[in-house]
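The values are calculated or read from the model by the stated rules, or taken from the named source; none is laboratory data. Just so you know, these numbers come straight off a predicted model, no measurement behind them. With ideal geometry, Cβ positions are generated from the backbone for all residues, glycine too; neighbour counts draw on all protein chains shown. These area figures cover heavy atoms from the full protein model, side chains too; ligands, DNA and RNA do not enter into them. Shrake-Rupley method; radii C 1.70, N 1.55, O 1.52, S 1.80 Å.
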Amino acid sequence: SGESGAGKTESTKLLLQHIMNLCKGNSQLEQQILQVNPLLEAFGNAQTVMNDNSSRFGKYIQLRFQKNTVRGAKLSEYLLEKSRVVQQDTGERNFHIFYYMFAGLSSEEREMYGLLDPSLYRYISGRFGTQDVAQHWKHKYQEVCNALDMVGFQEQEQVDMQAILAGVLSLGNVTFEPEERNGSVKVSEASLGWLKAAAVKVNVMSQLLCCTPYSPWSPSVSCCCSLCADARDSIAKVAYGRVFGWIVCKINELLAENVDPEVELKEIGILDIFGFENFAVNSFEQLCINLANEQLQHFFNHHIFQLEQAAYKEEELPWETITFNNNEPILNLLLAKPLGLLSLLDEQSAFPQATDKTFVDKLNSSFKGNSHFQPGRGHVLAFSIIHYAGKVQYTAEGFLEKNRDTLPANVCGLFINSVTPLLIPLLRQGIPHETRPTLARAKCGDKAHVHSLMVLMEKMYSANPHFVRCIKPNSQKEPGVVDSQVMLQQLRYNGLLETIRIRRDGFSWRPSFEEFAER
């Protein structure tokens, strides 16, 4: 664990290499396990203002062993930041794979996928990079192709995958305009070419996305254009999310252990989850990420301070209790039922008339006087949470929409009738929208996946954990620069100063009685 950019993903890769080396094997399975990371990074990581290779999802890797030999592995992924596909803030980029494709595909391949100059695409904000950067991306694209081959993706599957990604980019350039005859909204003439490149039939798109303002109470033309753009973006996010989920499923199929079910396997699990974030503008995604970090910090506190000191008390050792910064009140603020922040968000999401403003009003009245909550100031629709790692202001705009994560039924039909084979099974695997819980109800873990973050936390509480705390040396993303204040702040809020005390004054080595007697 640690802040965004502290080195969690790099540490995970080193730890995996180390474990594979300790197995003293060089089997194909071990090589495949190591190849998983560059593949996941290409599709799940992106450049942010805090980190040039930021994980925009959480992953839990379970390694299964029999007599010190790896027999299989399983990967669980949590809360991919799909909103990044359609919008990035200043100084940020879309997922790496889009840039790798532009740099790595030959001109013939780009033509086959209908890709033009990268500066034309809205979803990558028209930004590409210098020649040196493009050369680096070209090298990375080759790495991804090698990893796809090594992990066992068929050639046609790789073609389909890239066709979907190219289609997503083209779809982002589709715009809408009023229809002069009847006042409805249609796909603009200027973007019909992009629609064709996205491989969606014009009449299908019109039926899917466009609405007609026919009475004083129905949406205005400008509102209709906005609704159409939202639906377009929903299609793009779903397509990308399904591709990512499919990659994870394929990896798990390939790495599954091939042993007798009666054989008991030992397990090492490695959790590499998105770090605590505090940007200039923080939204729903940051709240989910910071909640996950609050849960991990609580787990750390429980294991290091509560369980340890309870054992000393039980054995009647002379012990002066070490106080620590307990973040349980913050978790109650966020997770309590029925009046926690996420419960209130779910409640508001269920009301068609509710808006982001009514949600914020509800928070302000419910948490008045709570020392971990502050209402927004002025006319900004926002609120602040005092997290264990510091105060974060969240902009409430889009909270309800992101929590609903809606996909119209006719859009599902569009995928199911797709000519790209990959998209059809992807959609059919999904739970029908009506039965899918919102992200808030799933406590930031989409229950359409086998595991949610809550199940993960239960699993961790039953395991014997080892904590790797990653400390960020500076905030400028510079090598070889140590900013003492930045580091001290992290040591303080992580509870590491108290941890050092309990390790120094307590009993960190616990031999069994048999080991002690034998010695």
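The set of residues in region 357-375 being open to solvent by 30 Å² or more (accessible area, probe 1.4 Å) and out of contact with any Pro (no Cβ under 7 Å at 6 or more places or on another chain) consists of LYS357, THR358, ASP361, LYS362, SER365, SER366, LYS368, GLY369, ASN370, SER371, GLN374, PRO375. Screening ASN173 on (1) in a helix (DSSP H, G or I); (2) under 20 Å from ALA199 (Cα atoms); (3) in contact with a Phe, Trp or Tyr (Cβ under 9 Å, 6 or more places away or on another chain) shows it passes everything except condition (1). Going through (1) touching a residue at least 24 places away in the same chain (Cβ under 8 Å); (2) assigned to a helix (DSSP H, G or I); (3) not β-branched (Val, Ile, Thr) one by one, ASP149 falls short only on (1). If the condition is being in contact (Cβ under 8 Å) with a residue 40 or more places away in the chain and closer than 21 Å to GLN295 by Cα, then region 490-508 contributes GLN490, TYR493, ASN494, GLY495, GLU498, THR499. With respect to (1) over 20 Å from ASN282 (Cβ atoms); (2) basic (Lys, Arg); (3) touching a residue at least 12 places away in the same chain (Cβ under 8 Å), the lone exception for LYS67 is condition (3).
Can you confirm whether ARG110 is outside any helix (DSSP H, G or I) and farther than 24 Å from GLY245 by Cβ? So ARG110 fails the test.
Name the single residue, out of those in region 388-406 being assigned to a strand (DSSP E or B) and open to solvent by 10 Å² or more (accessible area, probe 1.4 Å), that is nearest to LYS362 (Cα to Cα). Applying the filter and picking the extreme gives THR395. The set of residues in region 118-136 that are in contact (Cβ under 8 Å) with a residue 40 or more places away in the chain and either surrounded by 15 or more Cβ atoms within 10 Å (Cβ to Cβ) or acidic (Asp, Glu) (or both) comprises TYR121, ARG122, TYR123, ILE124. Between LEU291, LEU271, LEU287, the distinction of being at pLDDT 90 or above, within 30 Å of ILE385 (Cα to Cα), in a helix (DSSP H, G or I) and in contact with a strand residue (DSSP E or B) (Cβ under 6 Å, 6 or more places away or on another chain) belongs to LEU287 only.
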